[in-house]
């Protein structure tokens, strides 16, 4: 063990006893390498998906390696994650079609990702036969997908439908968005490291490393950053760089159980002198599974809550990636539009009326093609280009605010996930998550929830009903008694629920006002200058017998007056699943 890796790492197990394993990109990379060395060439007799228990069984014929590679079981429940050797006779699940004489050709992991891919080779591929097994270990949405040679999904352990991906049999498989963090392949030199990690003062560098440095995670970040998150001198930064290189590249792969509660976290490199060495990562997972068996089994409620939180984490990560991509191109697009407008105004005489495009001389030489609306003149087209440029510039200015809000929300939700795993989450935090998870579990895959989701500036979730019947379902099945119920006064409109767990205190006025704006926008008064919106606790809303869908009687009502501003809705909208 290198002397620079002697500090005690901080990670989830320090917060309480949990039987949930954690995967980061480094553990995933090294586990794939070990599996490749052990399993390459092994004949696959069967691949079983047990969707009820979220298990994947890979039944293999014995190879020249030891019996660890005979048959493997991967448990992909949120509270488990263990990869263990099994007796083939105890495996269960639906059999996934395979090619004749299928064998494992390779086991790989994309750089800085929590994805493991097992490529299968062998005899002639039958129609719909799996040629690749993908294990996704992202957030708590652990999944297994069997993919055919044409890229279509043969079987999936956990069906999911999101805005970006559809994981169902017969659909084309799309990977999660890949990492864009620094140093995926290369090693940082001193200047590069100081520019990225030294961009923030001590106290903020841990978060900076986690956001921007490949292969870092809450499992290893404290061991890497060390005193560089306390000291300001360049030497501390350089020591952190050497620790990073050691952990990610240079230190020997030495499987361990990280020191922590119950020693249940396998890892591929020693981070502390207290870490417990084991012969292989498979042995580490086997011991972790045995230790976890001695702990209380995580209840189904915990699984349901973690599934909802994990889905939210993935939404926020996708939103952050999208906003960063938009910000990178918005200002450049605005500049390009302004330049086209300038060129058009400078050369109006060259553009005949009714032209669909114009070839204009660029100020710096060469030509620029400008697309035009033939229904209006060149001057009007230039005005339209200036308007578009201003809109792009405004969007570019607004994105950092949205991105900061998404990052704050991601930290908050990630912390909640850690509390759920460690058993320290309160009943008030768990109850709405469990109810929402059960509601989703009872729906057909792909069927939308009865509400749209928003998030206030203060971080509170707002749910807006999708119609009359959906209003009833939202109010009486997707809310808690302490939540705030809102509705535009005396007009037809959506029921709105502002999630709020505290019975002894009302939400901040700003959160109520933002939820009221959503209620106004989703009502027939949306075109009014000012709308009266009533609000009360959900416990004071009742539905009379034989009342029409969506018709309720609220009590103890208060009223706020708001302007139905579409910009507020755009700012508060979150990714939907």
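I need a count of the residues in the stretch 214-248 that are farther than 16 Å from residue 268 by Cβ and either assigned to a loop (DSSP other than H, G, I, E, B) or assigned by TED's automatic domain parsing to the domain that holds residue 407 (or both). Write out each step before concluding.
Just the residues of the stretch 214-248 that are farther than 16 Å from residue 268 by Cβ, to begin with: 222, 225-242.
Those still in the list that are either assigned to a loop (DSSP other than H, G, I, E, B) or assigned by TED's automatic domain parsing to the domain that holds residue 407 (or both) too: 230-233.
Looking only at that region, the number is 4.
Give me the residue from the stretch 156-174 that is out of contact with any strand residue (DSSP E or B) (no Cβ under 7 Å at 6 or more places or on another chain) and part of a loop (DSSP other than H, G, I, E, B) and, out of that set, nearest to residue 128 (Cα to Cα).
Of everything passing the filter in the stretch 156-174, 174 is nearest to residue 128 (Cα to Cα).
Within the stretch 490-498, identify whether any single residue is surrounded by fewer than 18 Cβ atoms within 10 Å (Cβ to Cβ), modelled with pLDDT of 90 or more and within 23 Å of residue 567 (Cβ to Cβ), and answer yes or no.
Taking every residue of the stretch 490-498 in turn, at least one turns out to be surrounded by fewer than 18 Cβ atoms within 10 Å (Cβ to Cβ), modelled with pLDDT of 90 or more and within 23 Å of residue 567 (Cβ to Cβ).
Taking the condition closer than 22 Å to residue 110 by Cβ and not in a helix (DSSP H, G or I), does residue 272 pass? Give the derivation first.
On the way: closer than 22 Å to residue 110 by Cβ: no; not in a helix (DSSP H, G or I): yes.
In short, no.
Restricted to the stretch 514-539, and to residues that are out of contact with any strand residue (DSSP E or B) (no Cβ under 6 Å at 6 or more places or on another chain) and in a helix (DSSP H, G or I), which residue is farthest from residue 553 (Cα to Cα)?
Step by step, filter the stretch 514-539, then rank; the result is 514.
Among the residues of the stretch 27-45, write down those that are part of a helix (DSSP H, G or I), under 17 Å from residue 134 (Cα atoms) and out of contact with any helix residue (DSSP H, G or I) (no Cβ under 6 Å at 6 or more places or on another chain).
Selection gives 27, 28, 29, 30, 32, 33, 35, 36.
Of all residues in the stretch 546-568, how many are under 36 Å from the mean Cα position of the chain (by Cα) and at pLDDT below 90?
6
Return yes when residue 251 is touching a helix residue (DSSP H, G or I) at 6+ places or on another chain (Cβ under 8 Å), outside the structural domain of residue 138 (by TED's automatic domain parsing) and either surrounded by fewer than 17 Cβ atoms within 10 Å (Cβ to Cβ) or within 30 Å of residue 288 (Cβ to Cβ) (or both) and no when it is not. Steps first, please.
Values: touching a helix residue (DSSP H, G or I) at 6+ places or on another chain (Cβ under 8 Å): yes; outside the structural domain of residue 138 (by TED's automatic domain parsing): yes; either surrounded by fewer than 17 Cβ atoms within 10 Å (Cβ to Cβ) or within 30 Å of residue 288 (Cβ to Cβ) (or both): yes.
Spelling it out, residue 251 is indeed touching a helix residue (DSSP H, G or I) at 6+ places or on another chain (Cβ under 8 Å), outside the structural domain of residue 138 (by TED's automatic domain parsing) and either surrounded by fewer than 17 Cβ atoms within 10 Å (Cβ to Cβ) or within 30 Å of residue 288 (Cβ to Cβ) (or both).
The values are calculated or read from the model by the stated rules, or taken from the named source; none is laboratory data. Remember, it's a predicted structure, so these values are computed and weren't measured experimentally. Don't worry about glycine lacking a Cβ; one is built from the backbone with ideal geometry, like all the others, and counts go over all protein chains shown.
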